[in-house]
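Trainee: Below: one structure in structure tokens.
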Amino acid sequence: MLRLKQPLWRRIRNGSQVMKNWLVDRTSFHGQFTLLLTNDPDHGKAEDYVRVFTELKRLGLKVTTSVFCTMEDDGSDLARHCYRGDTHTLADPRYRELMLELQEQGHEIAFHGYSQVSNTREKFMEGLEIFKETFGYYPFTYIEHGGNPNKHGPDMCKQETLAMEGTKRDSPYYVLDIIKEKISCVWAWHDLMDNDYQVKQVEDLFYKRNGVLFFRRARLHYLDTMVRDVAQQGGIFLGYTHFGYEGYPNEPKYRYENWVGRNLRPALQGFERILKNHKVTTLTVQELVQTNFELSEGEG
């Protein structure tokens with residue numbers, strides 16, 4: 001059972017802290033509307049991101065945005081889903097420069113994997129080292145990429161994800177031990193809160209499994225439906241989108257899922273309305289976790 005604690009702020013050193021005590025502070029954010037935005041990098045390009053993040057800066061909104069280190073082509077469906085030219089990575093100089101700028105602005109840069117295809121534990125670790133070399137520390141947050149094995153074929157599922165081979169010690173894709181050692185917070189298991197309109201607090205979004213702190217997310221298009229209740233009840237909305245994706249229908253319902261070209265304006269107008277009508281605290285995943293959990297170096 002989760003116990004109460006007072007808020008604790010701790011500075012990250014080398015990004016290596018992991019959760020020591022799984023104690024949720026139920027007082028830090030109750031009574032206010034806290035908004036967390038997470039972005040997956042699939043199909044994201046530097047030129048589109050410059051426009052998006054310029055506008056988010058104007059609105060004062062923070063983002064936890066994840067990155068790939070590179071794109072690979074192994075002939076799989078994953079390689080065809082995201083590919084070089086369609087999705088920018090840390091191997092693209094302008095994109096890398098932009099991520100460093102976003103880091104300086106207070107956004108959180110999270111890890112999305114070495115590449116978009118299945119990566120062995122050696123490649124996974126290589127990706128973490130590239131991340132550390134780029135940003136100065138290991139990622140605080142890891143957001144898995146890859147298909148849902150309950151919905152997608154094996155060619156669309158990254159083997160190192162925790163729903164596939166990532167927890168199997170005898171597999172070349174075993175990464176759970178690396179995650180425990182190097183990363184503090186993880187989104188995995190395709191843990192999406194679809195068709196769930198209940199207002200959430202910290203203890204509803206974070207949970208421990210296999211010695212790792214995980215979190216749940218809602219698709220961002222639930223925000224308009226839930227914003228009034230979340231604001232009135234003082235809850236947390238932890239949503240995710242893809243700033244580079246254009247596949248959702250061009251309908252008002254999906255304004256927060258389409259950000260490219262002329263679709264950017266409706267998304268921004270939605271947030272402008274929310275910020276005008278409600279008092280909103282915007283945080284990164286890292287900031288929320290640091291406020292509510294005690295951190296300790298090197299413990300898993």
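Trainee: Modelling each spin label as a point 7 Å along the Cα-to-Cβ direction, I'd like the SER171/TYR137 distance in nm, to one decimal.
Mentor: Result: 3.0 nm between the two label points.
Trainee: At 0.36 nm per residue, minus the direct Cα-Cα distance, what do LEU192 and GLU294 gain on full extension? Give it in nm, one decimal, please. Before the final figure, lay out each step's value.
Mentor: Values: separation 102, 0.36 × 102 = 36.72 nm, distance 2.53 nm.
Going from the current span to full extension adds 34.2 nm.
Trainee: Assigning unit charges at the beta carbon (Lys, Arg +1; Asp, Glu -1) and nothing else, what dipole magnitude in debye, to the nearest 20, does the stretch 17-297 show about its Cα centre?
Mentor: Roughly 900 debye for the stretch 17-297.
Trainee: Run through the DSSP bridge list for the chain and note the antiparallel percent, rounded to the nearest 5.
Mentor: Of those bridges, close to 25 percent are antiparallel.
Trainee: Figure the gain on full extension for THR225 and GLU129 (residue separation times 0.36 nm, minus the Cα-Cα span) and round it to one decimal in nm.
Mentor: 30.5 nm
Trainee: Right, another one. Just going by the charge dipole of the chain, with Lys and Arg at +1 and Asp and Glu at -1 on Cβ, which of LEU205, GLY235, LEU223 is farthest out on the positive end?
Mentor: Of the options given, the answer is GLY235.
Trainee: If you don't mind, there's one more thing I want to ask. Among 259-266, 171-178, how do they line up by average Cβ neighbours within 10 Å per residue, starting with the highest?
Mentor: The densest-packed peptide leads the list: 171-178, 259-266.
Trainee: Follow-up question, since we're still on this one. Work through the residues other than GLY44 whose Cβ is under 14 Å from its Cβ and net out their charges, Lys, Arg +1 and Asp, Glu -1.
Mentor: Around GLY44, the charge tally is -3.
Trainee: Dividing the Cα radius of gyration by the Kirkwood radius, what Rg/Rh value follows for the chain?
Mentor: We get a ratio of 0.94 for the chain.
Trainee: Let me ask something additional. May I ask you to compute the full-extension gain from LYS276 to ASP204, defined as 0.36 nm times their residue separation minus their alpha-carbon distance, rounded to one decimal in nm?
Mentor: Length gained, LYS276 through ASP204: 23.2 nm.
Trainee: Ok, one more. Determine, for each peptide in 50-57, 185-192, the mean count of other beta carbons within 10 angstrom over its residues, then list the peptides with the highest first.
Mentor: Highest-to-lowest ranking by the protection proxy: 185-192, 50-57.
Trainee: Could I ask something else about it? Of LYS132/LYS279; LYS151/LYS200; LYS45/LYS182, which sit over 30 Å apart, Cα to Cα?
Mentor: LYS132/LYS279
Trainee: Quick check on packing: order 274-281, 133-140, 233-240 by the mean number of other C-beta atoms within 10 Å, highest mean leading.
Mentor: 233-240, 133-140, 274-281
Trainee: A follow-up question, please. At 222 nm, what helix-only mean residue ellipticity would the chain give, in deg cm²/dmol to the nearest 500, using -39500 (n - 2.57) for each DSSP H run of four or more? Mind showing how you got there, number by number?
Mentor: Numbers: 9 runs with 91 residues, N = 300.
So the helix-based figure for the chain works out to -9000 deg cm²/dmol.
Trainee: If you find the alpha carbon centre of the stretch 103-117 and of the stretch 124-174, how far apart are they in angstrom?
Mentor: The stretch 103-117 and the stretch 124-174 have Cα centres spaced 13 Å from each other.
Read-outs throughout are calculated quantities, based only on the coordinates presented, and are distinct from any laboratory measurement. Note that the structure is predicted; figures quoted are calculated from it, not measured. Ideal geometry is used to build each Cβ from the backbone, glycine not excepted, and the neighbour counts take in all protein chains shown.
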